[in-house]
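The values are calculated or read from the model by the stated rules, or taken from the named source; none is laboratory data. Because the structure is predicted, anything quoted here is derived from the model rather than measured. All Cβ positions, even for glycine, are placed from backbone atoms using ideal geometry, and neighbour counts span all protein chains on display.
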Protein chains: 4
Amino acid sequence: MNPITWNKSKPNHFVAIGRLCIDLNANEINRPMEETVTFTKYVGGSPANICIGMSRLGLRTGFIGKVANDQMGRFITGYLDREGIDRTGVSVDRTGAVTGLAFTEIKSPTDCSILMYRDNAADLLLEQEEVPEEVIAQSQMLLISGTALAKSPSREAVFQALEYAKRHGVVIAFDLDYRPYTWTSAEETAAYYNLAAEKCDILLGTREEFDMMERFVHNPDRDDRVTAARWFDHSAQIVIIKHGKEGSIAYTKDGASHRAESYPAKVVKTFGAGDSYAAGFLYGLMQGWTISDSMAFGSAAACIVISSHSCSDAMPTVEQVKDYIERCNRGEIVANS
Amino acid sequence: MNPITWNKSKPNHFVAIGRLCIDLNANEINRPMEETVTFTKYVGGSPANICIGMSRLGLRTGFIGKVANDQMGRFITGYLDREGIDRTGVSVDRTGAVTGLAFTEIKSPTDCSILMYRDNAADLLLEQEEVPEEVIAQSQMLLISGTALAKSPSREAVFQALEYAKRHGVVIAFDLDYRPYTWTSAEETAAYYNLAAEKCDILLGTREEFDMMERFVHNPDRDDRVTAARWFDHSAQIVIIKHGKEGSIAYTKDGASHRAESYPAKVVKTFGAGDSYAAGFLYGLMQGWTISDSMAFGSAAACIVISSHSCSDAMPTVEQVKDYIERCNRGEIVANS
Amino acid sequence: MNPITWNKSKPNHFVAIGRLCIDLNANEINRPMEETVTFTKYVGGSPANICIGMSRLGLRTGFIGKVANDQMGRFITGYLDREGIDRTGVSVDRTGAVTGLAFTEIKSPTDCSILMYRDNAADLLLEQEEVPEEVIAQSQMLLISGTALAKSPSREAVFQALEYAKRHGVVIAFDLDYRPYTWTSAEETAAYYNLAAEKCDILLGTREEFDMMERFVHNPDRDDRVTAARWFDHSAQIVIIKHGKEGSIAYTKDGASHRAESYPAKVVKTFGAGDSYAAGFLYGLMQGWTISDSMAFGSAAACIVISSHSCSDAMPTVEQVKDYIERCNRGEIVANS
Amino acid sequence: MNPITWNKSKPNHFVAIGRLCIDLNANEINRPMEETVTFTKYVGGSPANICIGMSRLGLRTGFIGKVANDQMGRFITGYLDREGIDRTGVSVDRTGAVTGLAFTEIKSPTDCSILMYRDNAADLLLEQEEVPEEVIAQSQMLLISGTALAKSPSREAVFQALEYAKRHGVVIAFDLDYRPYTWTSAEETAAYYNLAAEKCDILLGTREEFDMMERFVHNPDRDDRVTAARWFDHSAQIVIIKHGKEGSIAYTKDGASHRAESYPAKVVKTFGAGDSYAAGFLYGLMQGWTISDSMAFGSAAACIVISSHSCSDAMPTVEQVKDYIERCNRGEIVANS
């Protein structure tokens, strides 16, 4: 039921490539950012969050990316070190680029937004030669994330990483993570998402993200099965399509589909839900669990993150996730609103 | 002794044009930014600080600039409103530009630095047509600041403002405020600083800033008198050259030079010293005080700002400055270190 | 021996996508361009030349590209019309782009160079939506050319064309045509050449062009068989590697290699040799000829072009090529120098 | 009546700064460029043409500019050498820029147009440090031209040249030569034209060019006297406003205005009229002639150029101009159409 085969002889479990930046979370919540005055600094960026999540779950992890040569960049590398994430693949920019920023605004648990600073961001300056073949070759899984495809040279660095992963038999997961503000056009976005997706074993994204990829494809009913089937013609083994509150469906190459339990949560904000879900789900797959069990584990991990103030810093351990599931099963956790 | 004549028939005292942005001051001081975790948000930017300073000193003020169409931009315009600064001349960007940021780091009272986010900053997108002739025509003084000359179209907007000020007999002050990171080259910087300075009545800058402007001028001994004389051939009446701890000297077109008292301070950080000095000095000139008295008032205003955590928010009232001078005269304030 | 299967039910033989520009050939030859005074205007650009060549050989052809909205652009479309090339797929730029120019300099038959004008060239502005799926679907072969991959949005337009060709069972030929001046870096070049080559049935390039594509590949001896084998793992059926004067070798997926006769020529200049070779070779393949016979036909076509002053305008008919081969066989043509 | 005083102790008469490029004139005239096939190469660019004109008239001249490091650039410097123009001030680009091109199209004597190639043009890359102070200091007149103000760093180089001319008492002439295609916006254009014009002794331009400069000025009736008066408040001594077929009017600071004779011509094309007029007029002023006589001399020089195929290459000698005037006076030349 779990169609992925891991090469257990590789010493490391997981390496992610892409965005590595700073979240500045407003300390004053439930109000617009015009009225917030103080902010707390965290490491952020979708693949960074997933990598931190995997590390908290006990896996041997690494990161490939680029940080600014400033205090923000050094804050990030210090954090990776403390989390035990190998940063052999993290380069330091020498061009005067800055660290991407995300100021969060939490007007209510369901009305959250982000103000991004992405101009001249160091993470998009990662170059092909800075992608260490050996780091990928020694990992059982590579995770790529859509934002890193938005601009050169980071875009080419991701394709280089895909090439190395293919060459060395590394399982590839693609978290679509589509952020329109870094892209030139929806057409360009579709082009590179599709070129990358062709090479991946596991795809995770929302229905809207898959729609964007189907700009030049005939799927008038936005049919999940049509969407998934397209990738099974290439390298994919598992395609997860998320439908927000209606839950996620996983399709596998054998034609099966899978749904999982969902859990209640006392939601503070929605940020980080997807990243913690991805970490939990991929962790489950690596344990050889069924797809449904892996999805359930991801859902519980997501509940923990959205119940707290940060994303990266709130990523749970295995014990915390299991405990959360048990408490839900005992009816001890009830959703707000 | 005060060579400036003000057109008192104009209803407003002061209008500034240029940078309008956000300071994010680390709450944890006396440590590197790698170790700071929370930040407090203030309005910032040199001309904005001076304008806020003038408003606190009781003058009728206005601002000409551009803010991002986001929460940061609205925070700024809300602050200007609360300070009673006319913002007829403040446009809102429609291109997706962001608000410039300055993260401050205070390692010690004398070791302070700033991490700037200036890519795609809204303030540099102010256009010529957005400079309201009437707002300038109705003001007794226009203040320009060097940073706004760094890029088009803001650069041309400043020259437009200078043209309007000339046309309507408005006194022009130029706070050099040279920030290398926004400029393409030192040569380009010199070109536009000189073109602007030719049109100004009052110039304020450090020795190093005037050196930059003399890149293609023969002044091998970096002689202040040579520097000042060059501008008296154009429009200048007063040239103030700051020599850091050794104090400032004001030169006037009649060949005289002036120095002022300095005051002790319990320094928290050095940021904002120049802006509060400029506000205090220009305020004194507008009262018809002597140059030396105006300089002393500026110095005392600066002491108050560098003794506190913020720049804009710490700008003093007339009473606070006078009180500070009296306390210094009574020996009640002693410098740290 | 000819491994390509053509879908003869498609009404058109051939469509090319990419560069479409102007050659300005110095009328005064055998001297440096500093001394040439008059120039003659021709349609140029590698895929345009090949397409014109195919048309002259009697095939039903089309072109997909973009021309400037000026006299040069209209000169090009007029020429395509006169050659009977369908230009449904040729868009007209609306941004003020110009037509790419190539000034040729012929110092001697073996010392030729080109002075290129490629800044803001219209052909590189072709967009994905401007690639007509139907034109590709109705053609038996699509030819892509490396230069069109050099910049967005033309790069994405080529990938879109590849996607359509795959979708509709169209044979894809890739003429590498690497021109360093349009590319940002050798690494970026390798990335996109490789992504495109994976999808192609026929690859034609020089040893140096394949070297460039192997920047991140282990092939220390620059071994043609290693080079060719890499692409047989993807879609390729035929890989032709050109070794200049030492001739070309064609490798096929079945492990065989093929060489062809070469012919003497009275060389005026070397420009256009590759384009006429490609046209002749691909024409032969489409006739079902053996690879060696197709290569010989291409070689003879190339001899005709390099014996004349222009490239596009000198593309021969089938009769002219056959006649040239016969005259060579009768010993009537002897090489110069 | 000639208000300009020349410093005759300076060894050189004239130096021009700015555009230096290539004209490609269609050999086939009286037809659209879609139908022209061959082109002849000439040196071009307004200030280059004027400088060549001044040299032909027997003056000691120099040029300050930048050429591409290619065959086109070397063609230009070779031509300057042959014309006896000092090119100490002509730098060679090292960034891969190209030579600006102007393809001319002559549909009829009165319907002429130009297709420009100005992207990445070397002449706009002239830097401030490349402007030789000594070359300007040793010249009696500096000519600037509007196109060189269109982009950095050429724009700053022109302001540097103006600064040197002011410093060394060199008369400054400004040929407005407004070409919209190189400018970002009409507002930006007005800003820099005005900043430059303030510093010039002689202004020459069309009514439309002065209109452009008055974008932010109140002159609703487009009154020539209002236009001229504005510049007399700065440095100007002579302002020439051209009204096409209705002739030109020269205004002088003393309030006088001047018109000149015009001459008939057998017009081939209109290109080069303004440049040859400027050369002739400025030559006359340098001889101490009256303004009217200088204007007449310029008009006759212009007639000669528009009666021939090229611009630069057709610039006349003094004898040719005088001969033309005499023949007109004898009624030997009659206008076409």
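Quick look at the values:
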| quantity | calculated |
| --- | --- |
| First in the range A:272-295 and in contact (Cβ under 8 Å) with a residue 12 or more places away in the chain and more than 17 Å from A:Ile241 (Cα to Cα), second anywhere and polar (S, T, N, Q) and part of a helix (DSSP H, G or I), Cβ under 6 Å, 6 or more apart | A:Gly284/A:Ser294 |
| The one condition in (1) over 19 Å from A:Ala173 (Cα atoms); (2) buried (at least 17 other Cβ atoms within 10 Å of the Cβ) that A:Asp223 fails to fulfil | (2) |
| Single unsatisfied condition, C:Leu101 versus (1) of a type in the set (A, V, I, L, M); (2) in contact with a Lys or Arg (Cβ under 6 Å, 6 or more places away or on another chain); (3) within 13 Å of chain D (Cβ to nearest Cβ) | (2) |
| Residue match in the range A:54-70 (condition: of a type in the set (Gly, Ala, Ser) and within 14 Å of chain B (Cβ to nearest Cβ)) | yes |
| Failed condition for C:Phe271, given (1) surrounded by fewer than 15 Cβ atoms within 10 Å (Cβ to Cβ); (2) within 17 Å of C:Thr206 (Cβ to Cβ) | (1) |
| Qualifying residues in the range A:238-253 (those that are of a type outside the set (Lys, Arg) and over 15 Å from A:Ser292 (Cα atoms)) - the one surrounded by the most Cβ atoms within 10 Å (Cβ to Cβ) | A:His243 |
| In the range A:164-217, residue nearest to A:Ile64 (Cα to Cα) [restricted to those that are over 19 Å from the mean Cα position of the chain (by Cα) and of a type in the set (Ser, Thr, Tyr)] | A:Tyr164 |
| Hits in the range D:146-160 (condition: under 12 Å from D:Glu188 (Cβ atoms), within 11 Å of chain B (Cβ to nearest Cβ) and not basic (Lys, Arg)) | D:Ser152 |
| D:Tyr263 out of contact with any Gly (no Cβ under 8 Å at 6 or more places or on another chain) and not aliphatic (A, V, I, L, M) | yes |
| Breaking point among (1) away from chain B (no Cβ under 14 Å); (2) over 21 Å from the mean Cα position of the chain (by Cα); (3) touching a residue at least 24 places away in the same chain (Cβ under 8 Å), for D:His234 | (1) |
| Matching residues, the range D:277-328, being of a type in the set (Ser, Thr, Tyr), farther than 30 Å from D:Phe103 by Cβ and surrounded by fewer than 24 Cβ atoms within 10 Å (Cβ to Cβ) | D:Thr290, D:Ser292 |
| Meets criteria (within 30 Å of C:Thr290 (Cβ to Cβ) and at pLDDT below 95) for C:Asn2 | yes |
| Test: residue in the range A:315-334 that is closer than 29 Å to A:Ala196 by Cα and out of contact with any His (no Cβ under 6 Å at 6 or more places or on another chain) | yes |
| Selection count where residues are without any contact (Cβ under 8 Å) to a residue 60 or more places away in the chain and either aliphatic (A, V, I, L, M) or farther than 20 Å from C:Asp93 by Cα (or both), scope the range C:132-151 | 3 |
| Residue selected from the range C:114-138 under the condition at pLDDT 95 or above and in a strand (DSSP E or B), by the criterion surrounded by the most Cβ atoms within 10 Å (Cβ to Cβ) | C:Ala121 |
| Qualifying positions in the range A:16-32 - out of contact with any Lys or Arg (no Cβ under 9 Å at 6 or more places or on another chain) and facing chain B (nearest Cβ under 8 Å) | A:Asn27 |
| Residue within the range B:288-306 that is of a type in the set (Phe, Trp, Tyr), assigned to a loop (DSSP other than H, G, I, E, B) and under 21 Å from B:Arg207 (Cα atoms) present | no |
| Subset of the range C:177-229 that is small (Gly, Ala, Ser) and not in a strand (DSSP E or B) - its residue that is farthest from the other protein chains (Cβ to nearest Cβ) | C:Ala228 |
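A quick yes/no check of all residues on (1) closer than 29 Å to C:Ser152 by Cβ; (2) of a type outside the set (Asp, Glu); (3) away from chain D (no Cβ under 11 Å):
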site: C:Glu34; (1), (2), (3): no, no, no
site: C:Thr40; (1), (2), (3): no, yes, no
site: C:Ser46; (1), (2), (3): yes, yes, yes
site: C:Met72; (1), (2), (3): yes, yes, no
site: C:Leu80; (1), (2), (3): yes, yes, yes
site: C:Ser91; (1), (2), (3): yes, yes, yes
site: C:Thr110; (1), (2), (3): no, yes, yes
site: C:Glu129; (1), (2), (3): yes, no, yes
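Residues checked against (1) out of contact with any helix residue (DSSP H, G or I) (no Cβ under 7 Å at 6 or more places or on another chain); (2) free of Cβ contacts under 8 Å to residues at least 60 places away in the same chain; (3) surrounded by 16 or more Cβ atoms within 10 Å (Cβ to Cβ); (4) not β-branched (Val, Ile, Thr):
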{"position": "C:Pro153", "(1), (2), (3), (4)": "no, yes, yes, yes"}
{"position": "C:Glu156", "(1), (2), (3), (4)": "no, yes, yes, yes"}
{"position": "C:Gly169", "(1), (2), (3), (4)": "yes, no, no, yes"}
{"position": "C:Glu187", "(1), (2), (3), (4)": "no, yes, yes, yes"}
{"position": "C:Phe210", "(1), (2), (3), (4)": "no, yes, yes, yes"}
{"position": "C:His218", "(1), (2), (3), (4)": "yes, yes, no, yes"}
{"position": "C:Arg230", "(1), (2), (3), (4)": "yes, yes, yes, yes"}
